[in-house]
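What follows is a short report on a single structure.
The values are calculated or read from the model by the stated rules, or taken from the named source; none is laboratory data. None of the values given here were measured: they were computed from a predicted structure. A quick note on method: Cβ atoms are made from the backbone with ideal geometry, for glycine too, and the neighbour counts reach across all protein chains shown. Accessible surface is based on the protein model in full, side chains and every heavy atom, while ligands, DNA and RNA are left aside. Shrake-Rupley method; radii C 1.70, N 1.55, O 1.52, S 1.80 Å.
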Amino acid sequence: MQRHALHDDERFAFPRALAGSGIRESLSESYSTSTWGKIVDALLEFVTKFAAQLQSPTLAFLLGGILIAALGSRLEIPESIYKFVVFMLLMRVGLEGGMSIREANVADMLLPAFFAVLIGCGIVLIGRFTLALLPSVRTEDGIATAGLFGAVSGSTLAAAIVVMESDGIAYEHWAPALYPFMDIPALVMAIVLASLYMKRKAGSGEKVRIWPIVKESLQGSALSALLLGIALGLVTRPEKVFEGFYDPLFRGLLSVLMLVMGMEAYARLHELKRVAHWYVVYAAIAPIVHGLLAFGLGYIAHVLVGFSPGGVVLLAVIAGSSSDISGPPTLRAGIPTANPSAYVGASTSVGTPVAIAIGIPLYIGLAQAVFGI
Amino acid sequence: MQRHALHDDERFAFPRALAGSGIRESLSESYSTSTWGKIVDALLEFVTKFAAQLQSPTLAFLLGGILIAALGSRLEIPESIYKFVVFMLLMRVGLEGGMSIREANVADMLLPAFFAVLIGCGIVLIGRFTLALLPSVRTEDGIATAGLFGAVSGSTLAAAIVVMESDGIAYEHWAPALYPFMDIPALVMAIVLASLYMKRKAGSGEKVRIWPIVKESLQGSALSALLLGIALGLVTRPEKVFEGFYDPLFRGLLSVLMLVMGMEAYARLHELKRVAHWYVVYAAIAPIVHGLLAFGLGYIAHVLVGFSPGGVVLLAVIAGSSSDISGPPTLRAGIPTANPSAYVGASTSVGTPVAIAIGIPLYIGLAQAVFGI
Amino acid sequence: MQRHALHDDERFAFPRALAGSGIRESLSESYSTSTWGKIVDALLEFVTKFAAQLQSPTLAFLLGGILIAALGSRLEIPESIYKFVVFMLLMRVGLEGGMSIREANVADMLLPAFFAVLIGCGIVLIGRFTLALLPSVRTEDGIATAGLFGAVSGSTLAAAIVVMESDGIAYEHWAPALYPFMDIPALVMAIVLASLYMKRKAGSGEKVRIWPIVKESLQGSALSALLLGIALGLVTRPEKVFEGFYDPLFRGLLSVLMLVMGMEAYARLHELKRVAHWYVVYAAIAPIVHGLLAFGLGYIAHVLVGFSPGGVVLLAVIAGSSSDISGPPTLRAGIPTANPSAYVGASTSVGTPVAIAIGIPLYIGLAQAVFGI
């Protein structure tokens, strides 16, 4: 299944020219043996990557959506189209995941899956002891926001897959199946922490039940579509419908989704204005911190069990993303006292654009510098 | 138009291995000349076909839909997408039908069309004198249910077309145009029988008018789309838009529709619980009985006018299907005292899954045994 | 980018046969040197073109929509699908426009753009001094109707593009970018004229502000999508998503849109009955008059700056079209006292069908006669 061969992509004509220019060559040459050199390399890769990304349809449609919303356009992609597009993207990612798990060595998946759980819980704990302790941030709101940033965005994942396929970066096709291993623990952890906090505050002795939260997460529309796709890819033979329908429409439907997310990001901005500025700071920094953390753990998995460089990038993207579809309803049910304006605004308006526009090219640039791909 | 050449389909790798195994060979050899042998052959074909079907996307998405609905998933394919998918499928089936009627010998269609009318009326009469006479079944409800099982399901028809094209089974492309010849007489017959029954009960002398029922049926969304497609295929040149749009999206959109129908089947189950258990029994048995009856008449048409084996299978599928889109509103208007929970529940929750999961592989297996295709 | 090579299109088998027949040959031969001969040629081209058009999917779906609506079909293409289809079509037209402006000589666009502005204003002035002065036509209603006929229809434009690509008629791919240069001035002109008229009537001294009208137009959903597409095509590299998604779906989605527009045209007819018959007369004649006027100006641009014959046809199509999506809300806000039944009914029920069914083949036939393409 050589679907991701490196093909000449005119989209990158400009950055490639830059990459081939003397400045970069000489810089990277002189540092190439040192760790420091690797970091410079990564940064240069990121800058060229970022410039290229600005021209890529994925980011361009996202920014286009923000722009036309800011200009007051009455263009509207109906809610039902949006829901269907999300279904189509996650079904496609799931089907491919399922088909490749069929052929994969399940043992290879254990360490990355364990790291995904670790990152999911870790992100929430970090948020609990940074954002949620800040002045003018209500503790429940801070915990809920950390939970949403620990949870995963299917759209960001889909955007990364399209960019990596355009760039010819190979990855384990089961890597998107790491999604629930990070998403569910993060949401559970956030709801548990919030309950503990509120109980301590109220002095009540109610127990937090984990299973309902897990179930609620699994029943969310995005995770349902992904898991159903994985199951169908695993136990049936959906190759034809995958190759003739879900896969060819993937890139185009993603452009539509990015447009919707851009418009949504702008529309939610005003909600952010009502809450403390710390949310903006957190939402701008956290995706990158989480992504780099995951990149580090992914690197360990690369050394220990041969997790591919592309897989490391996807793990970082998943960690850097913040949930936009399934997470909010689960949190609303699990932490009813938290203010959705805080966590939804932070995630949709700042977190997701940062995760896509800065995160994806950053991790790819880093992977190219570190792994020499 | 060699669109249905038999191509190697890895989906059937498992059953083909089974088909090639010694057990089946020796069994079919020893019986191959007797009628009994043919039945054994048909059953074996059905079993292998059914095992294969479980892996086919069509059935897998249907079962997947039932499964996630049972697990309480919040995944939702919006109503507007569902309506559009149905339109796309029936327009595609209609266009192909119209284009092939252009080149067909209209005389060839007469006997199959006559048989379709016969089956449509026959199914309702059978239901009238079995289901509707059972204790704890209200007569109007029984007649309405029989009417719905006599009417035709566009989705089941589309599912059969995809399976037959995957298997390389040729059929007259005008065969789907038999749809209205069975659908309308069945609905008319049901409404007439119900009116006669209620008049006798009430002693009133109102006359039943046939034309409004026919018109109501023809104006239904599914039949409108099919007939418009046939008309456009017949009098215009839609080849390009057919080959570039309606046909390539057919298989994929069907997978979406199957998912919706699975979810719907589960959601309607609770309606069935409110009515007599006889509906479940009827809904499970009737599709197969009707399909086999139609297979028999189709066989006669094969002998008399050379109706193709694939055409016989489609006639059986059409007869075995029960209406899910257009039928219910027509019945609701025509037999207002009948309980929709009974007929819609029986058709959507049991009839359609049986017609697709058991009916389609059964008739194909039977055709392979009888016609040696 | 040789996307529009002339390919053998079986759709035109009949008219080509006619074109090759002796009658036409001898007629056109004897007149071929005179201006009169050219007109006869154009008319003959139009008749053959029109006969072909009746078989083309674009027109067939439009007429099919009118037909099934007239027959009372309950078929429904949901509103959300309609909105998304319009978005997809205009995004595709915009992307191609943007990508070709990148490579175009901007100076070439100046004269056609100036003519587009001229035509937009001219159409409204013509309407102001014909339709709006007729007895039983309220002046505001007449001006608003003229404004809507000066404004542009994205669907008519898309229909013309599909027909021209089928016929292998080349055009400047930036030509669709002339849309706003005609659309906005027409709407502004109409609202200004209506305000002047009402002020004179009321004797008040309020000033008409132009910018809010321009802004309102630019923010409309159709123009937003088109301009966003142009911007993305101009500054990013959307080739892959264009070639893999927006372009292949173009023709098929247009057939869906035509069906919706046909159904809509029939549904709006009853609104026309409530207003003066002059609207029907205007709506039937104006599209052709406007289109021929634009054809003349386009011819001047052809002579002066080498505007292509295909570009001239598109300019005529844009001029002959009347707005159906973005125009009405702008007019409703700008001329609140005008009766939407008059202008929407005239445009949707008569203007658009005439612009598509008669206008497009007429201008193509004319171009073939005049330019010998």
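The table below gives the values:
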item: Selection from C:A186, C:F46, C:T58, by position along the positive dipole direction of chain C (Cβ); result: C:A186
item: Under 22 Å from the Cα of A:K38 - lysines, other chains or at least 8 residues apart; result: A:K49
item: Principal axis dimensions, largest first and in whole angstrom, of the stretch A:185-271 by Cα; result: 58, 41, 13
item: Heavy atoms of C:F50 accessible to a 1.4 Å probe, total area in Å² rounded to 10; result: 60
item: Selection from A:L253, A:A319, B:G327, by position along the positive dipole direction of the protein assembly as shown (Cβ); result: B:G327
item: Alpha-carbon Debye profile of the stretch A:128-179, log10 I(q)/I(0) at 0.18, 0.23, 0.31, 0.32 Å⁻¹; result: -0.67, -0.81, -1.14, -1.17
item: Distant-in-sequence amide H partners of A:F307 (H built 1.01 Å from N, under 5 Å); result: A:H302
item: Rounded accessible area per residue of the stretch B:104-182, 1.4 Å, Å²; result: 27
item: Nm distances between copies for A:D247, ranked from closest, using label points 7 Å along Cα→Cβ; result: 2.1, 2.1
item: Ratio of the Cα radius of gyration of the stretch B:85-146 to 2.2 N^0.38 Å, where N counts its residues; result: 1.66
item: Solution diffusion estimate, µm²/s, Stokes-Einstein, the stretch C:213-327, Kirkwood Rh from C-alpha pairs, 10 °C, viscosity 1.306 mPa s; result: 92
item: For the stretch B:82-103 and the stretch A:86-112, distance of Cα centres in Å; result: 35
item: √(5λ) per eigenvalue of the Cα gyration tensor, the stretch A:149-301, largest first, Å; result: 32, 22, 17
item: Cα gyration tensor category, rounded, prolate or oblate, for the stretch B:300-364 with a/c compared to 1.5; result: oblate
item: Anisotropy class of the stretch A:50-132 from Cα gyration tensor, a/c 1.5 cut; result: oblate
item: Per-residue [θ]222 nm for chain C (sum of -39500 (n - 2.57) over DSSP H runs n ≥ 4, rounded to 500); result: -24000 deg cm²/dmol
item: Cα lying deepest toward the dipole's positive end in the stretch C:105-199, options C:M198, C:G154, C:I126, charges on Cβ; result: C:M198
item: Cβ-placed point charges (K, R +1; D, E -1), dipole of chain B about Cα centre in debye, nearest 20; result: 1180
item: Total accessible area lost when C and A pair, probe 1.4 Å, Å² to nearest 100; result: 2300
item: Translational D in µm²/s for the stretch C:278-335 (Stokes-Einstein at 37 °C, 0.692 mPa s, Kirkwood Rh from C-alpha pairs); result: 260
item: 0 to 90° range, to nearest 10: angle between helix A:247-273 axis and chain A longest Cα axis; result: 50
item: Calculated FRET efficiency for the pair A:I210/C:H270, C-beta based, R₀ 60 Å, to 0.05; result: 0.50
item: Accessible-area ranking of C:W174, B:W278, largest first, probe 1.4 Å; result: B:W278, C:W174
item: Degrees, to the nearest 10: C:221-235 long Cα axis against longest axis of chain C; result: 50
item: Longest to shortest principal axis, alpha-carbon extents of the protein assembly as shown, angstrom; result: 88, 85, 56
item: Rounded Å value of the spacing that divides the Cα centres of the stretch A:140-171 and the stretch A:274-302; result: 11
item: Set C:K83/C:K199; A:K199/B:K273; A:K273/C:K207; A:K83/C:K240; A:K240/B:K240; A:K83/A:K207 screened for pairs whose C-alpha atoms are more than 31 Å apart; result: C:K83/C:K199; A:K199/B:K273; A:K273/C:K207; A:K83/A:K207
item: Prolate/oblate/rounded call for chain A, Cα gyration tensor, a/c under 1.5 rounded; result: rounded
item: Charged-residue dipole, Cβ positions (Lys, Arg, Asp, Glu), the protein assembly as shown about Cα centre, Debye nearest 20; result: 3380
item: Tilt relative to chain A, helix A:35-55 - C-alpha long axis, 0 to 90 degrees, to 10; result: 80
item: Heavy atoms of C:C121: accessible area, 1.4 Å probe, square angstrom to 10; result: 30
